[in-house]
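Peer 1: What follows is a structure written as structure tokens; I'll ask about it next.
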Amino acid sequence: MSKHAPLGGSLITRTTVIAAVLFVLSMVLLAVRFLKGLGAVANINNGYPWGIWVAYDVVIGTAFACGGYAMALLVYILNKGKYHPLVRPALLASMFGYSLGGFSVIFDLGRYWNFWHIMTPGYANPNSVMFEVALCVACYCVVLWIEFTPSFAEKWGGPALKRRLNNVLFVFIALGCLLPTMHQSSLGTLLVVFGQLIHPLWQTRLLPLLFLMSALAMGFSIVIFEATLVTSAYKRPSEARILAFVTRYIVVLMSAYLLLRWGDLAYEGKLGLVFSSGGLSLMFWLENLLFATPIVLMLPKANRVNERLQFLSAVSMLLGGGLYRIDAYLVAYGRPGWHYFPSVGELLVTLGIIALEVLAYIVFVKRLPVLHPVHAAGPTHAVERAPAALTTE
Amino acid sequence: MKDSMLTAIETRLGLSRRSFMQFCAAMAATMGLPKGADAQIAHALVSAKRPPVIWLHFQECTGCTESMLRAEHPTLEKLILDIISLDYHETLFAAAGHQAEAARRASMAANKGKYLLVVEGAIPTKDNGIYCKVGGQTALEMVHECAADAAAIIAIGSCASWGGMPSTSPNPTGATGAPVILKDKSVVTIPGCPPNPYNFLSTVVHYLTFGKLPEVDAKGRPKFAYSRLIHENCERRPHFDAGRFAQEFGDEGHRKGYCLYKLGCKGPETYANCPSILFGDVGSGSWPVGTGHPCIGCTEQGIGFQKPIYELAELKYVLPPVGYPHIVEEQGQGMSAGSAALVAGVGGLAVGAGAMMARNLGKNKKPDDTDFGKE
């Protein structure tokens, strides 16, 4: 009855072995971090308390993990059932992205043993942006695993379990649309709170909206990126046609994003900084170039089905969104006299986390019903949807 | 301290209790004494029998005494006349002639070993000291006579301390400071022309309170007043460090209050606390450098009255900076060779892999776009 099936095949490949080695290496480094303290592994300091573990693992990691959110919005809110084959793999990537992002926070915390404070009413400060992000990301991690349960149910449970699950799943799907809207914008709000520490080219009251919009566009892009990667790696038929529709949303989102960002700079009288900020101006232009690339490439309709251009657009969008976050959190951030560049240890831990995501993704698609079987690929699917969507089926 | 004692001092000095305690606290602060010393000072001033003071004048201008009389917290004539018993002082005593000399000898005999000797002015030594005589007695004889049974000796002013202006080359009278004459005695010197009255007063009050004179340096100067160069605490020092100098009197830099070093200021080689305690109790800027004239180094032997006023000072140990110091500390770890290589390596690998993949994407198949747009 399910339209999803495991890929099968050996789990031991060159990719998985490399990923596993990188992961083990990062675990060793983390052991050092927990035995000897943060300074033994990371370059983060009192001036830069957030390093690459926050900027990449949490902020970029969760934005890359917005595929599930973006597709859920499309399929369940805009009721576009044809995108359904893209939902499960996207959810899977989101699940790993968010879980590991949340997990990364633990090793970035100096006094990690107090982590539970933020979840405890007596200790938590409900007026804090950090509180909103922490609670929201934690909830969303749980919601993602629940959203993904149909895969587990199909593998290990019976049809009865799956039916029962369908009756309650809409609540979590709704939450899955609400929560990322909240915390992806809050990741921008965190920087608003930083005030003068962020260079004016990045510091704006629109940061929450800009972060949310770019996160959504990155969500759509990661769907294209992953789908292209999977079809290419496992020699599956191209999904270019269905992905072509997804590119439209990126074009719309990023056009609006650039309009807002530049409009805000003009409104605030900061346009001069675009040229006069030295190295930061360069970063700003690089970001905008990367953001504009998918718009330019995907605006002509004929280009949208071109797999290569799709892939390039998605990669450009992901790099742009990533650079935007790195810039805002690390490059454009500065306290006089303080320096930071991630140490080799920090970089290897981040690489290990990425490797773990890749590894787990491969294991899941090979062993669990995540992808649609090759013969069923196409725009007609029986899908699990929110109840409202079910009536159209 | 008993209330009755404070009441007694109120009547005796005509001072309010508050003003008296303020004076004691100011004295303690001037000498950098620890907490509680102000109470000790108050106690000593209230209870001790007024120590007799013999104040000698030799080759001098009476500037030191004039300066003393203008000390204002509280009105110093009260303290000089009431806290100490000023038995002999040429400027201030009412008696004259042999009567005055008789009073001095009587006091010395009555207070043998207990009186305080203050010397003001240089002592001429050439031709057996005939160039300065009081009552037929040379300064040389007089200082030896008075010092013999003194409990403590203070040389006030540069003249008494090291010869001062009268000793300036060619020094026709062989003017000499008291410490050289009284080699076998320990003499506390309060150099300056005139010296700051509070440095003298603090020394006296220290003696009254603790029964001994304050700690002194090799030249007999109290360390609380003479251990720092003027240059160290000068209000114009930031201009020195920033390289902003008055080049001549009345130029723009001079009017803007820049450093006076190039006009010959001797602050960099003169030890005194002038910039810290100022003169005349009239507030900020009331000292030579504050008013726009370079320090002439009046407290320092070999500099004051010796070096030309506008000659450049020798920088003792505070040198102009070779570079400006950072306001902020550089902290944290920047890029290392390892991390740069790792980022470049991984980045290169990713770009390479992505490019290879993108190149292969279009090759195998042309996507069927027949139903594109038919949503």
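The values are calculated or read from the model by the stated rules, or taken from the named source; none is laboratory data. This is a predicted model, so every value here is computed, not measured. No Cβ is skipped: glycine too gets one built from the backbone with ideal geometry, and neighbour counts run over all protein chains shown.
Peer 1: Filter the stretch B:148-160 down to residues that are in contact with a strand residue (DSSP E or B) (Cβ under 6 Å, 6 or more places away or on another chain) and either assigned to a helix (DSSP H, G or I) or not assigned by TED's automatic domain parsing to the domain that holds B:Leu56 (or both) and give me whichever is surrounded by the most Cβ atoms within 10 Å (Cβ to Cβ).
Peer 2: Taking the candidates together, the pick is B:Ala160.
Peer 1: Given the conditions (1) in a helix (DSSP H, G or I); (2) under 28 Å from A:Ala360 (Cα atoms); (3) modelled with pLDDT under 85, and given that A:Leu179 satisfies all but one, which numbered condition is not satisfied?
Peer 2: A:Leu179 satisfies all of (1) in a helix (DSSP H, G or I); (2) under 28 Å from A:Ala360 (Cα atoms); (3) modelled with pLDDT under 85 except (3).
Peer 1: With the requirement that a residue be within 14 Å of A:Met27 (Cβ to Cβ) and within 10 Å of chain B (Cβ to nearest Cβ), what does the stretch A:341-353 give you?
Peer 2: Correct list: A:Gly345, A:Leu348, A:Thr350, A:Leu351.
Peer 1: Taking the condition at negative phi and out of contact with any helix residue (DSSP H, G or I) (no Cβ under 8 Å at 6 or more places or on another chain), does A:Val17 pass?
Peer 2: yes
Peer 1: Only one of these conditions is not met by B:Ala242: (1) more than 20 Å from B:Ser284 (Cβ to Cβ); (2) assigned by TED's automatic domain parsing to the domain that holds B:Gly177. Which number is it?
Peer 2: Only one criterion is unmet by B:Ala242, namely (2).
Peer 1: Here's something else I'd like to know. If we keep just the residues of the stretch B:41-76 that are in a loop (DSSP other than H, G, I, E, B) and over 24 Å from the mean Cα position of the chain (by Cα), which is modelled with the lowest pLDDT?
Peer 2: Looking at residues that are in a loop (DSSP other than H, G, I, E, B) and over 24 Å from the mean Cα position of the chain (by Cα), I get B:Ala48.
Peer 1: So, in the stretch B:30-50, how many residues would count as being closer than 25 Å to B:Ala155 by Cβ and crowded, with 18+ Cβ neighbours inside 10 Å?
Peer 2: Total meeting the criteria: 7.
Peer 1: Can I ask one more? Please give the number of the condition B:Leu15 fails out of (1) modelled with pLDDT of 85 or more; (2) not charged (D, E, K, R); (3) not in a helix (DSSP H, G or I).
Peer 2: (1)
Peer 1: Search the stretch B:176-201 for residues that are modelled with pLDDT under 95 and pair each with any residue that is assigned to a helix (DSSP H, G or I) and among the acidic types (Asp, Glu) when their beta-carbon atoms are under 8 Å apart and the residues are at least 6 apart or on different chains.
Peer 2: B:Pro194/B:Glu66
Peer 1: Could you run through the stretch B:293-316 and say how many residues are without any contact (Cβ under 8 Å) to a residue 60 or more places away in the chain and among the aromatic types (Phe, Trp, Tyr)?
Peer 2: 1
Peer 1: Is it the case, given these coordinates, that A:Ser281 is within 11 Å of chain B (Cβ to nearest Cβ), touching a Leu at 6+ places or on another chain (Cβ under 9 Å) and among the hydroxyl-bearing types (Ser, Thr, Tyr)?
Peer 2: Against the criterion (within 11 Å of chain B (Cβ to nearest Cβ), touching a Leu at 6+ places or on another chain (Cβ under 9 Å) and among the hydroxyl-bearing types (Ser, Thr, Tyr)), A:Ser281 does not qualify.
Peer 1: Now for a separate question. Might you check whether a residue that is farther than 21 Å from A:Tyr361 by Cβ and touching a Ser or Thr at 6+ places or on another chain (Cβ under 8 Å) occurs anywhere in the stretch A:25-35?
Peer 2: No.
Peer 1: If you don't mind, there's one more thing I want to ask. Any residue in the stretch A:101-129 that's more than 24 Å from A:Ile353 (Cα to Cα) and assigned to a loop (DSSP other than H, G, I, E, B): show its pairings with residues that are of a type in the set (Phe, Trp, Tyr) and modelled with pLDDT of 85 or more at Cβ separation under 7 Å, as long as the two are six or more apart or on different chains.
Peer 2: Cβ pairs passing all conditions: A:Ala124/A:Phe131; A:Asn125/A:Phe131.
Peer 1: Go through the stretch B:18-29 and give me each residue that's surrounded by fewer than 16 Cβ atoms within 10 Å (Cβ to Cβ) and within 15 Å of B:Ile83 (Cα to Cα).
Peer 2: B:Ser19
Peer 1: Checking the conditions here, which among A:Leu197, A:Leu178, A:Leu169, A:Leu201 is in contact (Cβ under 8 Å) with a residue 12 or more places away in the chain and within 28 Å of A:Val251 (Cα to Cα)?
Peer 2: Selected residue: A:Leu201, the only one of A:Leu197, A:Leu178, A:Leu169, A:Leu201 that is in contact (Cβ under 8 Å) with a residue 12 or more places away in the chain and within 28 Å of A:Val251 (Cα to Cα).
Peer 1: Sort out which residues of the stretch A:327-340 are more than 14 Å from chain B (Cβ to nearest Cβ) and either crowded, with 22+ Cβ neighbours inside 10 Å or in contact with a strand residue (DSSP E or B) (Cβ under 6 Å, 6 or more places away or on another chain) (or both), and write them in order of number. Explain how you work it out, then say what you get.
Peer 2: Initial filter on the stretch A:327-340 (more than 14 Å from chain B (Cβ to nearest Cβ)): A:327-329, A:332.
Within the stretch A:327-340, A:Ala328, A:Tyr329, A:Ala332 qualify.
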